[in-house]
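Working notes for the structure below.
The values are calculated or read from the model by the stated rules, or taken from the named source; none is laboratory data. Note that this is a predicted model, so its numbers are computed, not measured. Cβ coordinates were reconstructed from backbone atoms using ideal geometry, including for glycine residues, and neighbour counts include every protein chain displayed.
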């Protein structure tokens, strides 16, 4: 449930019902069969969740060459058994395309998919890049499950660097291009590109003591993507050591096993023992790694990076309550450190990836939510603020590039509207603020290192994403993938209407509505409310929502009005908008959703006696609150993988919002929907994977125990061995077909 989870989802061709990418390879030909069995222009669950995707398909593996002159991407030529994947490059200045690696040669170096997917979502959750550019832009690195292959672009020849039975992960090329590093057997290794000789950089790593290797909770809830970092001059590697010895081992039973085999994950529950982090620096010539001084106490070390001088590290330190953050500057040769910057928040600190150190060795860029909205600030290396670069009642949502030569930064933000995301620029003195992208909707730019051009991944609520190449002045250079899906027009999709609902305490809340295609204002329609409601996620946004949007259109075709509202606590409107949920999850969110229900009841074409609600993960949690605590409004609910008891959830996420245990035990109890199950008198469907390593299946079982004690019936669809996203095409179709029938039976 980490912050800004939807960003990663939108970069895929579409989003699944669980607010996560649906990258599943579904059975070929099923779409054609589904189309034949359905009436013309009518959506079906079978068609939505079969291939080819109605969201189309974007070019995969988009990556800039380090020289910034070319952008590369994978393209599939042909269809079905004749399909072949090629690697192409596009000239940044002209848009001219050229073949980089042929299908035949690519087939020999692209990693094969694993024989059996892990049942959980967290173990191995961070998929490796399909390829990486070497720093000199003359070679590529391909990473397999247990191999690394170097591909020389000039000679078009591959060279195996590492192979074997041991799984490897997190491969990186050193800045000078001489080495490739990777994680294997809980240690950091390097291999010399020229000689092919591998050697371990760290020693003594185990499952309990991870060296340069991430665990489950750090990437999931702190958004950290790696646990080791090359020095800019390739002389050393800094790495994060995570001591997991006191962290609970949670069993995920393999139901395909007749003897009850299980995967075990280190899962720190709220109030339990956390991993103990330390940062070391290992020199390539050898010697004992040096420990960096990060202080004592129960802390997190969520970000580490080198300064440009290759002599110092910047380490971000967060207290366990997540209300204070420090930037420490540590001497890589001695380990001594000093506090460069300190920030406190009355509620909680949201992390970002906006820290940037300039090559002059005198300044750094930092973003903060101290005003209630995230904005950029310029500091010197003594921690003195030099300038505030952005300001206003809107938030920047990501640093995309820095052009030191022209003294400008590039970033995405909600300045135009919280429903949209655009690319902006501002100079380092705070002048020259301007918007670069203009099409209404959501833009996800991928900039080159020179920050003079970018690939724009753009979509809006009614249009699947496309990929285009732009110059930084806003001039379109070329189209990479238009991604037109002609079949969508045959379904005559209803328009998404954006609106605002005023809460009872006079706050304007963003909402959206989809009406049936044959809408008649004189009729009375049932309503299906979609919710997520939790921090870091926004559902009312002018952006293509993939399979979830198409299922909503299916339900609209079946006579439902679709409605969604972003309550306080959700993303897109700054830290101030999030804060009301602090120390009580479910209360403010449900209050705002009730105001949404009041608005719906005021509409003459809404049948207030036939309203249902659905959502997954935090949205499942909110669905339970709604059907238990507000049965007058919400007669039926569908909850996917819901959190039912926050003492079952992980420490970092839960303590951020509910505080530490045992001193905030009452907040945990009041935030649990289980406490209100006695009030339930409607209909409820729950879907949950038994292999869910994020929201454990025990959450649903706990709720069932309470429901049994109260004599309440809840329908449950357990999916054996599947994870948080129900990552099986057959299971997804079955689940969404049942959800369809469930709401028709309950509300029609």
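If you go through the range 238-269 and keep only what is over 30 Å from residue 307 (Cβ atoms), in contact (Cβ under 8 Å) with a residue 60 or more places away in the chain and touching a strand residue (DSSP E or B) at 6+ places or on another chain (Cβ under 7 Å), you end up with 250, 252, 253, 254, 263, 265, 267, 268, 269. Residues in the range 597-634 that are part of a helix (DSSP H, G or I) and over 27 Å from the mean Cα position of the chain (by Cα): 597, 598, 599, 600, 601, 627, 628, 629.
Taking residue 360, is it surrounded by 17 or more Cβ atoms within 10 Å (Cβ to Cβ) and assigned to a loop (DSSP other than H, G, I, E, B)? Talk me through it step by step, then tell me what you get.
Working: surrounded by 17 or more Cβ atoms within 10 Å (Cβ to Cβ): no; assigned to a loop (DSSP other than H, G, I, E, B): yes.
Judged against the criteria, residue 360 is not a match.
Here is a check on your reading of the model: is residue 198 surrounded by 14 or more Cβ atoms within 10 Å (Cβ to Cβ), closer than 22 Å to residue 315 by Cβ, over 24 Å from the mean Cα position of the chain (by Cα) and free of Cβ contacts under 8 Å to residues at least 60 places away in the same chain? Taking the combined requirement at face value, the residue does not satisfy it.
Per-residue answers, yes or no, for (1) in contact with a strand residue (DSSP E or B) (Cβ under 9 Å, 6 or more places away or on another chain); (2) crowded, with 20+ Cβ neighbours inside 10 Å; (3) at positive phi; (4) at pLDDT 95 or above:
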position	(1), (2), (3), (4)
678	no, no, no, yes
686	yes, yes, no, yes
713	yes, no, no, yes
718	yes, no, no, yes
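Hand me the list of strands (runs of 3 or more DSSP E) wholly inside the range 201-304 holding 1 or more residues that are within 26 Å of residue 171 (Cβ to Cβ) and modelled with pLDDT of 95 or more.
Values: elements: 209-211, 228-230, 236-243, 249-253, 262-266, 276-283.
Once the strands (runs of 3 or more DSSP E) in the range 201-304 are filtered for at least 1 residues that are within 26 Å of residue 171 (Cβ to Cβ) and modelled with pLDDT of 95 or more, what remains is 209-211, 228-230, 236-243, 262-266, 276-283.
For the range 151-183, name all the residues that are within 19 Å of residue 104 (Cβ to Cβ), surrounded by fewer than 22 Cβ atoms within 10 Å (Cβ to Cβ) and either touching a strand residue (DSSP E or B) at 6+ places or on another chain (Cβ under 8 Å) or touching a residue at least 12 places away in the same chain (Cβ under 8 Å) (or both). Steps first, please.
Of the range 151-183, the ones within 19 Å of residue 104 (Cβ to Cβ) are 151-160.
Going one step further and asking which of them are surrounded by fewer than 22 Cβ atoms within 10 Å (Cβ to Cβ), we end up with 152-160.
152, 153, 154, 156, 157, 158, 159, 160 - these are the residues of the range 151-183 that are within 19 Å of residue 104 (Cβ to Cβ), surrounded by fewer than 22 Cβ atoms within 10 Å (Cβ to Cβ) and either touching a strand residue (DSSP E or B) at 6+ places or on another chain (Cβ under 8 Å) or touching a residue at least 12 places away in the same chain (Cβ under 8 Å) (or both).
Checked against (1) part of a strand (DSSP E or B); (2) touching a strand residue (DSSP E or B) at 6+ places or on another chain (Cβ under 6 Å), residue 437 meets all criteria but (1). Here the condition is being buried (at least 24 other Cβ atoms within 10 Å of the Cβ) and farther than 17 Å from residue 672 by Cβ; of 620, 640, it holds for 640 alone. Criterion applied to 527, 507, 541 was being in contact (Cβ under 8 Å) with a residue 24 or more places away in the chain, farther than 20 Å from residue 606 by Cβ and surrounded by 24 or more Cβ atoms within 10 Å (Cβ to Cβ), and the one residue passing it is 541.
Only a single criterion out of (1) surrounded by fewer than 17 Cβ atoms within 10 Å (Cβ to Cβ); (2) within 24 Å of the chain's Cα centre (by Cα) is not satisfied by residue 318, namely (1). Considering the range 259-309 alone, what residues qualify as being surrounded by fewer than 15 Cβ atoms within 10 Å (Cβ to Cβ) and either closer than 21 Å to residue 656 by Cβ or touching a helix residue (DSSP H, G or I) at 6+ places or on another chain (Cβ under 7 Å) (or both)? 272, 295, 297, 298, listed by residue number. Where strands (runs of 3 or more DSSP E) fall entirely within the range 374-413, those with at least 2 residues that are within 29 Å of the chain's Cα centre (by Cα), at pLDDT 95 or above and surrounded by fewer than 21 Cβ atoms within 10 Å (Cβ to Cβ) are at 375-380, 396-403.
The strands (runs of 3 or more DSSP E) found entirely in the range 447-537 that carry 3 or more residues being more than 21 Å from residue 614 (Cα to Cα) are 453-460, 463-471, 476-481.
When residues in the range 158-195 are screened for being under 29 Å from the mean Cα position of the chain (by Cα) and assigned to a loop (DSSP other than H, G, I, E, B), 6 of them pass. Under the condition of being surrounded by 24 or more Cβ atoms within 10 Å (Cβ to Cβ), touching a strand residue (DSSP E or B) at 6+ places or on another chain (Cβ under 7 Å) and without any contact (Cβ under 8 Å) to a residue 60 or more places away in the chain, the residues counted in the range 567-617 number 1. Of all residues in the range 688-709, exactly one satisfies the criterion of being surrounded by fewer than 16 Cβ atoms within 10 Å (Cβ to Cβ) and either farther than 16 Å from residue 645 by Cβ or within 26 Å of the chain's Cα centre (by Cα) (or both), namely 698.
Yes/no per residue for (1) at pLDDT 95 or above; (2) surrounded by fewer than 20 Cβ atoms within 10 Å (Cβ to Cβ):
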| position | (1), (2) |
| --- | --- |
| 657 | yes, no |
| 671 | yes, no |
| 728 | no, yes |
| 732 | yes, no |
| 740 | yes, yes |
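Name the residue, out of 351, 346, 328, 341, that is in a loop (DSSP other than H, G, I, E, B) and crowded, with 16+ Cβ neighbours inside 10 Å.
Details: 346 fails: crowded, with 16+ Cβ neighbours inside 10 Å; 328 fails: in a loop (DSSP other than H, G, I, E, B); 341 fails: in a loop (DSSP other than H, G, I, E, B).
Only one candidate qualifies: 351.
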